[in-house]
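Q: Here it is, the structure in full.
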Amino acid sequence: MTLVLQAIKTHVKKYCHKVYENSGVNLFWSIDKVINAIKSKRYTVSEINTFDFSTLYTSLPLHLVKTKLIGLVEKTFAREKTTFV
């Protein structure tokens, strides 16, 4: 499964890079980029907040998630011109 997810990430990254080249709009971000951006800046704390993300994805319709993931896997395999990892 890890190989499939890595292939999907590579596909999405290449797609987003092409969109950026053509439009200047950056559609790709990852948690690593967010963490690095936060670490590179100096912030002063004026308020402390906490957030509960435990139910963030539980409200998504499962059939929609499944449909979108299947489509993403199919696009990735089509770009690589293969049917297996």
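Q: Inspect region 40-47 for any residue being surrounded by 10 or more Cβ atoms within 10 Å (Cβ to Cβ), more than 18 Å from the chain's Cα centre (by Cα), modelled with pLDDT under 80 and in a loop (DSSP other than H, G, I, E, B) and give the result as yes or no. Write out each step before concluding.
A: Pass one, region 40-47, residues surrounded by 10 or more Cβ atoms within 10 Å (Cβ to Cβ): none.
No, region 40-47 has no match at all.
Q: Can I ask one more? From the set of residues in region 48-85 that are among the aromatic types (Phe, Trp, Tyr) and at pLDDT below 80, which is surrounded by the most Cβ atoms within 10 Å (Cβ to Cβ)? I'd like the intermediate steps shown before the answer.
A: Looking only at region 48-85, we keep the residues that are among the aromatic types (Phe, Trp, Tyr), and these are 51, 53, 57, 77, 84.
Subset that is at pLDDT below 80: 51, 53, 57, 84.
Values: 51: 6, 53: 6, 57: 9, 84: 7.
Going through the qualifying residues, I end up with 57.
Q: Pairs, please: C-beta under 9 Å, at least 6 apart or cross-chain, first residue farther than 13 Å from residue 9 by Cα and in region 65-80, second of a type in the set (Ser, Thr, Tyr) and outside any helix (DSSP H, G or I)?
A: Close Cβ pairs satisfying both conditions: 65/57.
The values are calculated or read from the model by the stated rules, or taken from the named source; none is laboratory data. No experiment lies behind these values; they were computed from the predicted model shown. Positions of Cβ are backbone-derived with ideal geometry, glycine not excepted, and every protein chain shown enters the neighbour counts.
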